[in-house]
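Peer 1: Have a look at the structure that comes next, please.
The values are calculated or read from the model by the stated rules, or taken from the named source; none is laboratory data. None of these values were measured; they are calculated from a predicted model. So basically every Cβ, Gly included, is an ideal-geometry build from the backbone, and we count neighbours across all protein chains shown. To get the accessible areas, we keep the full protein, side chains included, count just its heavy atoms, and leave off ligands, DNA and RNA. Shrake-Rupley method; radii C 1.70, N 1.55, O 1.52, S 1.80 Å.
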Amino acid sequence: MPRETLDTVSPTVTDIPEVLADFIDYGHDADTFQHDVITGLGAARKAIPPKYFYDERGSRLFDAICELPEYYPTRTEVGLLRTHADEIAALLGPDACLVEFGCGSLTKVRVLLDAAPDLGGFIPVDISREHLLASAVSLAEDHPGVEVAAVCADFTKPITLPPAAARRRRVGFFPGSTIGNFEPRDALDFLRTAARQLGTGGGMVIGVDLVKDADVLRAAYNDAQGITAAFNLNLLSRINRELCGSFEPRHFRHDAVWNADKSRIEMHLISRHAQRVHACGRSFAFAEAETIHTENSYKYTVDGFKALAEQAGFAHRKTWMDDDGLFSLHYLDVV
Ligand code: AVJ
């Protein structure tokens, strides 16, 4: 089945657990890992997209990152959600449908749901089918008054939302500064697509990590316990497991650097010496110190993010920030 454009894919609805109003599957995830690894390792500047970090082990390592003393984003954002939950709930209004783009641990959306008893619907959109299904079911069981449906899809692509969303005011939820993984141009496209999908009168709650002291940023991505290094290197283990790879993770080292010109943290896997590695039935040569660029994490200023949101078709309503100015949470209105 061709998968180039969304119009060629019909979503399938299968075996919906009883607690869910809908489970719609766009089947976006098949074979793209292999394709992206072949392309990424074959390029002059080797790179693999960060979305492939999150296999089962990678997701567990990411949960561990979120607990690290150096990794301030998660605890700061959850603090902001807790502190301002009532105000955010008021902005959602009665019988709104929250649409989460990419669903993580669900800890964050639970903070909002607990503060918004009159929420009508909740729809997580995520590429990882099993994780999505388990998360949606557990949330639906805990909130019988909320109509919960799920959409398995690449959340950067336009999708048709299920009836639970279609007949309500829609508010997007995009926490964790995942927007920082996009190139600024792609961030703009994503926000534009989201605005169209949420519709006039809808809104968006989005978490955005902020530009700050370079040492604080570097420490957050080069933690003392080496969990971020294990998270980054797990990508090589995943290639070994899923794509018949021959990577020796100890022949690579993790590094994260602050690129001030581009306002982003860059994660790399650096080859410790010249070597040849096999994956997907092909051979890839590495020079000594050659890197695989595995992630960009763009950091914004509040004004820079406001300008981006407004360019994408949102009106900026409200910013919440911690006292140290580490992280920001925004409420945007679709105009
Ligand atoms: C989930 C993409 C926001 O960029 O901070 C954490 C991922 N990578 N440590 C981030 C991540 C390394 C994280 N995002």
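Peer 1: Would a scan of segment 234-242 turn up a residue that is within 12 Å of the ligand (Cβ to nearest atom), over 30 Å from Phe314 (Cβ atoms), open to solvent by less than 10 Å² (accessible area, probe 1.4 Å) and in contact with a helix residue (DSSP H, G or I) (Cβ under 8 Å, 6 or more places away or on another chain)? Lay out the reasoning, then the answer.
Peer 2: Within segment 234-242, the subset within 12 Å of the ligand (Cβ to nearest atom) is 234-235.
If we keep only those that are over 30 Å from Phe314 (Cβ atoms) too, we end up with 234-235.
This time we only want the ones that are open to solvent by less than 10 Å² (accessible area, probe 1.4 Å), so: 234-235.
So of that shortlist, the ones also in contact with a helix residue (DSSP H, G or I) (Cβ under 8 Å, 6 or more places away or on another chain) come out as 234-235.
Within segment 234-242, one or more residues are within 12 Å of the ligand (Cβ to nearest atom), over 30 Å from Phe314 (Cβ atoms), open to solvent by less than 10 Å² (accessible area, probe 1.4 Å) and in contact with a helix residue (DSSP H, G or I) (Cβ under 8 Å, 6 or more places away or on another chain).
Peer 1: Where in segment 122-216 are the helices (runs of 4 or more DSSP H), entirely inside, with at least 2 residues that are over 21 Å from Asp303 (Cα atoms) and charged (D, E, K, R)?
Peer 2: 129-142
Peer 1: Would you check if Asp126 is open to solvent by 60 Å² or more (accessible area, probe 1.4 Å), among the charged types (D, E, K, R) and either touching a His at 6+ places or on another chain (Cβ under 7 Å) or in contact (Cβ under 8 Å) with a residue 24 or more places away in the chain (or both)?
Peer 2: Against the criterion (open to solvent by 60 Å² or more (accessible area, probe 1.4 Å), among the charged types (D, E, K, R) and either touching a His at 6+ places or on another chain (Cβ under 7 Å) or in contact (Cβ under 8 Å) with a residue 24 or more places away in the chain (or both)), Asp126 does not qualify.
Peer 1: Sticking with this structure for a sec: Considering (1) surrounded by 20 or more Cβ atoms within 10 Å (Cβ to Cβ); (2) at positive phi; (3) away from the ligand (no atom under 16 Å from the Cβ), say which one Gly201 fails and leave the rest.
Peer 2: (1)
Peer 1: So in segment 305-319, with the set limited to residues that are open to solvent by 10 Å² or more (accessible area, probe 1.4 Å) and in a strand (DSSP E or B), which one is nearest to the ligand (Cβ to nearest atom)?
Peer 2: Checking each candidate, the answer is Thr319.
Peer 1: Also: Only residues that are open to solvent by 40 Å² or more (accessible area, probe 1.4 Å) and part of a strand (DSSP E or B): list them for segment 320-335, please.
Peer 2: Met321
Peer 1: Starting from residues that are open to solvent by 10 Å² or more (accessible area, probe 1.4 Å) and touching an Asp or Glu at 6+ places or on another chain (Cβ under 7 Å), keep the ones in segment 204-223 and report whichever is nearest to Ala274 (Cα to Cα).
Peer 2: Among those residues, the one meeting the criterion is Asp223.
Yes/no matrix, rows are residues, columns are (1) closer than 13 Å to Val99 by Cβ; (2) in contact with a strand residue (DSSP E or B) (Cβ under 8 Å, 6 or more places away or on another chain); (3) of a type outside the set (Asp, Glu):
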{"residue": "Glu141", "(1), (2), (3)": "no, no, no"}
{"residue": "Asp154", "(1), (2), (3)": "no, no, no"}
{"residue": "Pro162", "(1), (2), (3)": "yes, yes, yes"}
{"residue": "Gly203", "(1), (2), (3)": "yes, yes, yes"}
{"residue": "Gly207", "(1), (2), (3)": "no, yes, yes"}
{"residue": "Gln225", "(1), (2), (3)": "no, no, yes"}
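Peer 1: Looking only at residues in segment 153-183 that are of a type in the set (A, V, I, L, M) and open to solvent by less than 50 Å² (accessible area, probe 1.4 Å), which one is nearest to the ligand (Cβ to nearest atom)?
Peer 2: Looking at the filtered set, the residue picked out is Ile179.
Peer 1: In segment 266-273, is there at least one residue being open to solvent by 50 Å² or more (accessible area, probe 1.4 Å) and over 25 Å from Cys66 (Cβ atoms)? Step through it out loud before you land on a result.
Peer 2: From segment 266-273, those open to solvent by 50 Å² or more (accessible area, probe 1.4 Å) are 272-273; that's our starting set.
Remaining after also requiring over 25 Å from Cys66 (Cβ atoms): 272-273.
Yes: one or more hits.
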